[in-house]
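Below is one structure, written out as structure tokens; comments come after it.
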Amino acid sequence: MNFENLLFEQKGKVGIITINNPKSLNALNPRVVADIESAFDQISKTDEISVVIITGAGKAFVAGADIVTMSTMYPTEARKWAEEAMRTFRKIELLEKPVIAAINGFALGGGCELALACDIRIASDNAKLGQPEITLGITPGFGGTQRLPRVIGAAKAKEFIFTGGMYTAEEAEKVGLLNKVVKPEELMDVALSMATRMSELPSVAMSYCKTAINRGIEVDLDTGLEIEKDLFALCFATEDQKEGMGAFVQKRKAEFKGK
Ligand code: CO8
């Protein structure tokens, strides 16, 4: 895969996307977001990649939407721009494969919102996260008002969004925004090791786990349990269920095929 604003690398069945615009701290402009969308469209269609890591080049993960581009937008342009980024981030969320954000530095505004659309967030201990939009006279526009409260609760999300403050990785982990905080030099190894472990597990059941959790948190418990029941039953139509359970019974290592 070749992109103007991203680097793409594959290690085993793990795809690694690096947003590569370090001079502006990987700020998101429409071209960068279009590349991210195209990368996820391609990843959704291939069986060669079963887990994705997204990170940033240089000292930032993503320092937000590009303020220079935004500064002269009319409301209609701003709406279209928000729509494009929201569509892209939703594709990340709906991708039937785990996506890990490896947050190597600033994850602000649109950068924090990009990380929120991922399934797992691992950060280096020097990362800074926040939603500074209010300091620019705007609300978050790439899903922050919706996803942040779902992840850390309304009270903390309101604090983040109303103050526009920058939070350390340690603070972000404490409120549940991050899964893990590691030393900067260990970030990619830790992310890759988690991703590789996931890539070796049954990918159909993995996608059902993601769907069940994501759909389940949007509905009442009984509806969520129905979703789980159906997806659980569907696992019994896969070869990997037969292999996983057969290997356990025969006391051997399972060889999963992703089918
Ligand atoms: N947009 C454009 N350029 C940026 C951005 C950005 N978000 N962030 C950094 N840059 C540029 C700087 O202007 C600078 O460029 P230059 O070298 O040409 O002067 C370069 O990157 C390096 O940045 P700094 O010199 O500022 O680096 P520091 O280490 O001193 O500071 C900070 C790092 C604290 C991250 C600082 O750059 C900063 O505050 N950046 C802006 C952070 C921010 O406010 N982000 C939120 C943006 S709003 C947003 O994301 C809304 C999303 C929804 C949009 C909906 C649209 C409709």
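Read-outs throughout are calculated quantities, based only on the coordinates presented, and are distinct from any laboratory measurement. Quick caveat: nothing in here was measured; it's all calculated off a predicted structure. Cβ: placed from backbone, ideal geometry, glycine included. Neighbour counts: every protein chain shown.
Going residue by residue through the range 18-28, is there one that turns out to be free of Cβ contacts under 8 Å to residues at least 40 places away in the same chain, surrounded by 14 or more Cβ atoms within 10 Å (Cβ to Cβ), part of a helix (DSSP H, G or I) and not aromatic (Phe, Trp, Tyr)?
yes
Quick check on Met86: is it surrounded by fewer than 18 Cβ atoms within 10 Å (Cβ to Cβ), of a type outside the set (Asp, Glu) and part of a loop (DSSP other than H, G, I, E, B)?
On the way: surrounded by fewer than 18 Cβ atoms within 10 Å (Cβ to Cβ): yes; of a type outside the set (Asp, Glu): yes; part of a loop (DSSP other than H, G, I, E, B): no.
Here the answer is no, as Met86 does not meet what is asked.
Within the range 62-81, identify whether any single residue is closer than 28 Å to Thr196 by Cα and not β-branched (Val, Ile, Thr), and answer yes or no.
Scanning the range 62-81, I find at least one residue that is closer than 28 Å to Thr196 by Cα and not β-branched (Val, Ile, Thr), so the answer is yes.
Only one of (1) in a helix (DSSP H, G or I); (2) in contact with a helix residue (DSSP H, G or I) (Cβ under 6 Å, 6 or more places away or on another chain); (3) away from the ligand (no atom under 16 Å from the Cβ) fails for Ala39. Which number is that?
(2)
Can you tell me which residue in the range 89-101 is surrounded by the most Cβ atoms within 10 Å (Cβ to Cβ), limited to those that are among the hydrophobic types (A, V, I, L, M, F, W, C) and more than 20 Å from Glu133 (Cα to Cα)?
My answer is Ala101.
Mind checking which helices (runs of 4 or more DSSP H) fall wholly inside the range 142-259 and carry at least 2 residues that are acidic (Asp, Glu)?
169-174, 221-235, 239-249
For the range 54-83, which residues satisfy the criterion of being crowded, with 19+ Cβ neighbours inside 10 Å, small (Gly, Ala, Ser) and either over 23 Å from the mean Cα position of the chain (by Cα) or in a strand (DSSP E or B) (or both)?
Gly56, Ala60, Ala65
Please work out which residue is farthest from Asn104 (Cα to Cα), limiting yourself to the range 118-150 and to residues that are loosely packed, with under 15 Cβ neighbours inside 10 Å and more than 16 Å from the ligand (Cβ to nearest atom).
Filtering first and then ranking leaves Arg150.
Does Ala107 meet the test of being more than 9 Å from the ligand (Cβ to nearest atom), in contact (Cβ under 8 Å) with a residue 12 or more places away in the chain and not charged (D, E, K, R)?
It is true that Ala107 is more than 9 Å from the ligand (Cβ to nearest atom), in contact (Cβ under 8 Å) with a residue 12 or more places away in the chain and not charged (D, E, K, R).
Could we say that Thr72 is within 18 Å of Pro30 (Cα to Cα), more than 7 Å from the ligand (Cβ to nearest atom) and not acidic (Asp, Glu) here?
yes
Among the numbered conditions (1) within 15 Å of the ligand (Cβ to nearest atom); (2) surrounded by 13 or more Cβ atoms within 10 Å (Cβ to Cβ); (3) more than 11 Å from Val33 (Cβ to Cβ); (4) not hydroxyl-bearing (Ser, Thr, Tyr), tell me where Val51 comes up short.
Only one criterion is unmet by Val51, namely (1).
Cβ contacts < 6 Å: first residue under 20 Å from Phe236 (Cβ atoms), restricted to the range 194-222; second residue of a type outside the set (Lys, Arg) and not in a helix (DSSP H, G or I), any location; separation 6+ or different chain. Result?
Close Cβ pairs (under 6 Å, with a partner that is of a type outside the set (Lys, Arg) and not in a helix (DSSP H, G or I)) amount to Pro202/Phe256; Ser203/Ser50; Ser203/Gly258; Val204/Thr238; Ser207/Glu96.
Give the residues of the range 94-118 that are of a type in the set (D, E, K, R) and within 26 Å of Thr163 (Cβ to Cβ), sorted by residue number. Give the steps one after another, and end with the answer.
So in the range 94-118, the residues of a type in the set (D, E, K, R) come out as 96-97, 113.
Selection gives Glu113 alone.
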